[in-house]
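Below is one structure, written out as structure tokens; the observations come after it.
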Amino acid sequence: MGTLLCRAGEVYLIILFARIVISWFPISPNSAMASVYGVLYTVTEPVLAPIRRIIPPTGMGGMGLDWSPLIATIALVLVSRALCA
């Protein structure tokens, strides 16, 4: 059971990283990448939204820096190391 949980954490980290990377590029609404982003969004948003409510994005000129993926990644790594070590 512990191994399965550890693998699930690793897969979730990859999915989270994929969402971070894909968010850097413009996506056409009807493209295949929009479908991929939709799946990544659906899987990661339940974790990121509560973090974003506590720590909102930081304003940087015309953009905002969203800290929630970084915080989620750090938390997931720490939990994984504690449980899977």
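Which ones in the stretch 20-44 are within 20 Å of Leu78 (Cα to Cα) and either open to solvent by 70 Å² or more (accessible area, probe 1.4 Å) or not hydrophobic (A, V, I, L, M, F, W, C) (or both)?
Thr44
When the stretch 1-10 is examined, which residues are found to be under 13 Å from the mean Cα position of the chain (by Cα) and open to solvent by 80 Å² or more (accessible area, probe 1.4 Å)? Show your work before the answer.
If we filter the stretch 1-10 for residues that are under 13 Å from the mean Cα position of the chain (by Cα), which is where we start, we get 9-10.
Of everything in the stretch 1-10, just one residue is under 13 Å from the mean Cα position of the chain (by Cα) and open to solvent by 80 Å² or more (accessible area, probe 1.4 Å), namely Glu10.
Please find, among Ile54, Ile71, Ile22, the residue that is among the β-branched types (Val, Ile, Thr) and within 24 Å of Cys6 (Cα to Cα). It would help to see each step written out before you state the result.
On the way: Ile54 fails: within 24 Å of Cys6 (Cα to Cα); Ile22 fails: within 24 Å of Cys6 (Cα to Cα).
Selected residue: Ile71, the only one of Ile54, Ile71, Ile22 that is among the β-branched types (Val, Ile, Thr) and within 24 Å of Cys6 (Cα to Cα).
Name the residue, out of Leu40, Leu4, that is part of a helix (DSSP H, G or I) and without any contact (Cβ under 8 Å) to a residue 24 or more places away in the chain. Please lay out each step first, then the result.
Details: Leu40 fails: without any contact (Cβ under 8 Å) to a residue 24 or more places away in the chain.
Only one candidate passes the filter, namely Leu4.
Answer yes if at least one residue in the stretch 61-75 is open to solvent by less than 80 Å² (accessible area, probe 1.4 Å), touching a residue at least 60 places away in the same chain (Cβ under 8 Å) and under 18 Å from Arg19 (Cβ atoms), and no otherwise.
Pass one, the stretch 61-75, residues open to solvent by less than 80 Å² (accessible area, probe 1.4 Å): 64-66, 68-69, 71-73, 75.
This time we only want the ones that are touching a residue at least 60 places away in the same chain (Cβ under 8 Å), so: 73.
Checking which are under 18 Å from Arg19 (Cβ atoms) leaves us with 73.
Yes, some residue in the stretch 61-75 is open to solvent by less than 80 Å² (accessible area, probe 1.4 Å), touching a residue at least 60 places away in the same chain (Cβ under 8 Å) and under 18 Å from Arg19 (Cβ atoms).
The values are calculated or read from the model by the stated rules, or taken from the named source; none is laboratory data. Everything numeric in this text was worked out from a predicted model, so none of it was measured. We place every Cβ from the backbone using ideal geometry, glycine too, and count neighbours over all the protein chains shown. Quick note on the areas: whole protein, heavy atoms, side chains included, nothing else; ligands and nucleic acids left out. Shrake-Rupley method; radii C 1.70, N 1.55, O 1.52, S 1.80 Å.
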